[in-house]
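The values are calculated or read from the model by the stated rules, or taken from the named source; none is laboratory data. For clarity, every value in this text was computed on a predicted model and none was experimentally measured. Here the Cβ positions follow ideal geometry from the backbone for every residue, glycine too, while neighbour counts run over all protein chains shown.
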Amino acid sequence: GDSVTQMEGPVTLSEEAFLTINCTYTATGYPSLFWYVQYPGEGLQLLLKATKADDKGSNKGFEATYRKETTSFHLEKGSVQVSDSAVYFCALSANTGFQKLVFGTGTRLLVSP
Amino acid sequence: EPEVTQTPSHQVTQMGQEVILRCVPISNHLYFYWYRQILGQKVEFLVSFYNNEISEKSEIFDDQFSVERPDGSNFTLKIRSTKLEDSAMYFCASSEGHTDTQYFGPGTRLTVL
């Protein structure tokens, strides 16, 4: 079945460092890909998405490119802030039926001043 | 900004007891979902609901689970006889259309003793 694998955390960075969180997927067909973020005490929020190969999703300085050849959707940000500390979830939906999301385990990001 | 709400934020129950987790989806949304995350594991899809009936369910969603939209605003998940392994964070989500972004609530942490 469909699955998502993302890097283990926590990822600990200093403010203004470059961030990469790796995400790879296994799916039949052409899924849509998502990054969700969960800030402490809050629900999952959509950060960005891409619906077809080579699409780049971007939001709040974060970006990820849908790479079909490597089945990857790595999250990047050029300069992280303390306020980016959260748990980041990579997910896919199979674009068939009722669009259930398949999630990775989540990666906790800790940014220190 | 409209948001999905969930109550309670934390529920502690004894094994074998029934629990009802409550969600208020965004008001103009038509598609509703429950997901859960056992500590340290992936966020897993449980069930999707549309037009007052289940549209898709996972193998986790067995006869112990049921969902209901008892009125125009609430969406509930009932577990009839809780087991220790039901301890998890339960997330409700809703979307306007079945291909639209799913908006998540903050979750209910269920602890079964």
Kindly indicate the residue of region B:16-34 that is out of contact with any Ser or Thr (no Cβ under 6 Å at 6 or more places or on another chain) and at pLDDT 95 or above and also farthest from B:Ile60 (Cα to Cα) among those meeting that condition.
B:Cys23
Somewhere in region A:93-101, is a residue more than 8 Å from chain B (Cβ to nearest Cβ), touching a Phe, Trp or Tyr at 6+ places or on another chain (Cβ under 6 Å) and either over 15 Å from A:Ala17 (Cα atoms) or buried (at least 18 other Cβ atoms within 10 Å of the Cβ) (or both)?
no
Among the residues of region A:64-72, is any of a type outside the set (D, E, K, R), farther than 27 Å from A:Pro113 by Cβ, in a strand (DSSP E or B) and touching a residue at least 40 places away in the same chain (Cβ under 8 Å)?
yes
Pick from B:Gln41, B:Gln6, B:Gln37: which is out of contact with any His (no Cβ under 8 Å at 6 or more places or on another chain), at pLDDT 95 or above and under 21 Å from A:Lys100 (Cα atoms)?
B:Gln6
State the number of residues belonging to region B:37-81 that are assigned to a loop (DSSP other than H, G, I, E, B) and touching a Ser or Thr at 6+ places or on another chain (Cβ under 9 Å).
11
Output the residues belonging to region A:33-75 that are among the hydroxyl-bearing types (Ser, Thr, Tyr), within 13 Å of chain B (Cβ to nearest Cβ) and surrounded by 16 or more Cβ atoms within 10 Å (Cβ to Cβ).
A:Tyr36
Scanning for something within 11 Å of chain A (Cβ to nearest Cβ), more than 21 Å from A:Cys90 (Cα to Cα) and touching a residue at least 24 places away in the same chain (Cβ under 8 Å), does region B:63-73 turn up at least one residue?
no
Region B:1-36: number of residues that are more than 8 Å from chain A (Cβ to nearest Cβ), touching a residue at least 60 places away in the same chain (Cβ under 8 Å), assigned to a strand (DSSP E or B) and closer than 20 Å to A:Ser93 by Cα
1
Selection from region B:94-113 of residues more than 7 Å from every other protein chain (Cβ to nearest Cβ), within 18 Å of A:Pro31 (Cβ to Cβ) and either among the small types (Gly, Ala, Ser) or buried (at least 22 other Cβ atoms within 10 Å of the Cβ) (or both) yields B:Ser95, B:Gly97
